[in-house]
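Structure record follows, encoded as structure tokens.
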Amino acid sequence: MELVELTQSNTDATKKSRVKRVRKTIALWIGLLVIGLIAGQSSALASSGSGSSIISVLDRNDYLLDDGTLWSKGTVSGVWTQNRKLIGISKSDDHSIYGWTADGQVIRWDKNNAHIPVTKQFNGVIKVYGHGWIQLQDGNLYNFDDQAKVLESIIDADSYWSSTGSDSSYSALSSSGDIYYDKYNKIRKAGNVPDGKAIATNGVYAAVLKMMAR
């Protein structure tokens, strides 16, 4: 896996032109995304019947409403909702979806068997990544299935599909700048980027955003 460092600097002379290009691209994609989601959002609000608003969108079939309700549409089950007082949702495939609560409950649904969710308890959940990595406030990363600790001192993580599209994996960035990735269910170290703040991975490259001192 190759590392690419992206430096954020307020003094870069070329930053303005790059930012303009990036903003135009983002605006275009946002416009296309909004068009694709409008119909689904209308359906979600109509189905909720409570006057709730959408606060998080995974795709046109999966939403989180402001009252903590998960709204989802499965290929077999159709539209279903569950109110678990969720504060966040995530997923990385079309079969399962994760949600988490303020008191540390993490719930996984099989989208076509939503009536039998699996619930596990953690302490201080910050985020749940789509394939079941759970980031806690103490920096530890846990696995949902067996609740085993995966890594320590993690400040950001990302999930991605392999270059062949046959399986999914993860990357993670530690507070010391170490880059980790999961390959064949084994954690490996890809390198180190001092002062790294965030990570994004596509299966071939790991891009790390770092801050440059003025």
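The values are calculated or read from the model by the stated rules, or taken from the named source; none is laboratory data. Keep in mind that what you see is a predicted model, and the values were worked out from it rather than measured. In this analysis, Cβ positions are derived from the backbone assuming ideal geometry, glycine residues included, and neighbour counts consider all displayed protein chains. Accessible surface is based on the protein model in full, side chains and every heavy atom, while ligands, DNA and RNA are left aside. Shrake-Rupley method; radii C 1.70, N 1.55, O 1.52, S 1.80 Å.
Yes/no matrix, rows are residues, columns are (1) open to solvent by 60 Å² or more (accessible area, probe 1.4 Å); (2) at positive phi:
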residue	(1), (2)
ALA102	yes, no
VAL106	no, no
VAL118	no, no
ASN123	yes, no
GLY130	no, no
GLN135	no, no
GLY139	no, yes
PHE144	no, no
GLN147	yes, yes
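May I ask you to list the residues in region 59-94 that are open to solvent by 60 Å² or more (accessible area, probe 1.4 Å) and part of a strand (DSSP E or B)? Residues satisfying the conditions are LYS73, VAL79, THR81, ASN83, ILE87. Pairs linking a residue in region 116-143 that is in contact (Cβ under 8 Å) with a residue 24 or more places away in the chain and under 16 Å from GLN105 (Cβ atoms) to a residue that is in a loop (DSSP other than H, G, I, E, B) and open to solvent by 10 Å² or more (accessible area, probe 1.4 Å), with Cβ atoms under 7 Å and 6 or more positions apart or on different chains, are LYS120/GLN147; GLY132/ASP145; ILE134/PHE122.
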